[in-house]
Structure formats: C-alpha cells, structure tokens
C-alpha cells in the first residue's frame, strides 16, 4: 500500500466519522435530523448496518478521489482550510447529483424538516469532511 493510499484511507474514515458526529449533534443546534446511513439503507431496502458500511465506504472513496485526482486541481490554493472547503463543497455537489440519479431508480426516503436547513447542514458536513481530508492527505512534492 502506498503512503498516499494509507493517508486517504485514514482520512476517509476519520473525515466520515467527524462529519457523522457533526450531523448527529446538528439537531441540538436547531438543524433538522440528518442520518445518511439510515437514508442509504432505506433507499436500497437494506438493514441499517449496511447503510453504515456504505456511508464509510463512500467517505473512503471520496478521500481516495481527493488523494489521487482532486489534489492536482487545488494545488494553487495555499490555505488548507479553503482547499478543504472547496473539496467538501465539490463532494456535496457530486453527492447531490448521485442521490438525484438514485431517486430515479429507488424511491427517496421521507424527509423531515426544512429542506433548506437540510441542505445547509449537508453542505456544512461535507465542508467539515473536506477540511478533515486535507489534514490527512499530504501533497506529494
């Protein structure tokens, strides 16, 4: 395993964990309840444990995508927080596109609460995820 792969693997696990904790705490701050593993599991008709596994696999996949592809696109951004925010927002946009495509195949799960607040919460979670990834995956010189 390459060093970059190990960094991305660890970054994906920790980034997904941090994002998940933020999403679990968000309702305590007035945000709607967001549970990506439950949403994934219900869309596909799988048990919640499968949703959790999928959630972390997606996080690891996004970290690998950053390490091997996206890092080259954000090389000119010197501030790591900005770099992470840009990547997190890009991950959010990609996730929304994929969820939209999946809704054509499978019925979307019922949503509770303000759609606008859910969108803001999801953007915040993905930006926090992106910033976490940046601190694990080091640019190769």
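Between 0 and 90 degrees, rounded to the nearest ten: what's the tilt of helix 115-136 against the longest Cα principal axis of the chain?
30 degrees
Quick check: the angle from helix 3-25's long axis to the longest principal axis of the chain, C-alpha only, nearest 10 degrees?
For helix 3-25, the angle is close to 40 degrees.
Fewest Cβ neighbours within 10 Å first, please rank 33, 75 accordingly.
Neighbour counts put them in this order, fewest first: 75, 33.
Compute the angle between helix 48-65 and the longest alpha-carbon principal axis of the chain, please, reported from 0 to 90 degrees and rounded to the nearest 10.
Taking Cα atoms only, the helix is inclined about 30 degrees.
Remind me, what semi-axes does region 3-136 give for its equivalent ellipsoid, largest first in whole Å, using sqrt of 5 times each Cα gyration tensor eigenvalue?
25, 17, 14
Top mean-square fluctuation among 38, 63, 85, Gaussian network model of the chain, C-alpha springs under 10 Å?
Sorting by GNM fluctuation, first place goes to 38.
For the chain, modelled as a Gaussian network with Cα springs under 10 Å, which listed residue fluctuates most, 53, 14, 127?
Its mean-square fluctuation being the largest, the pick is 53.
We did not get these values from a lab; they are worked out from the coordinates using the rules stated. Please read these numbers as outputs of a predicted model, since none were measured by experiment. Reconstructed Cβ throughout: ideal geometry from the backbone, glycine too, with neighbour counts over all protein chains shown.
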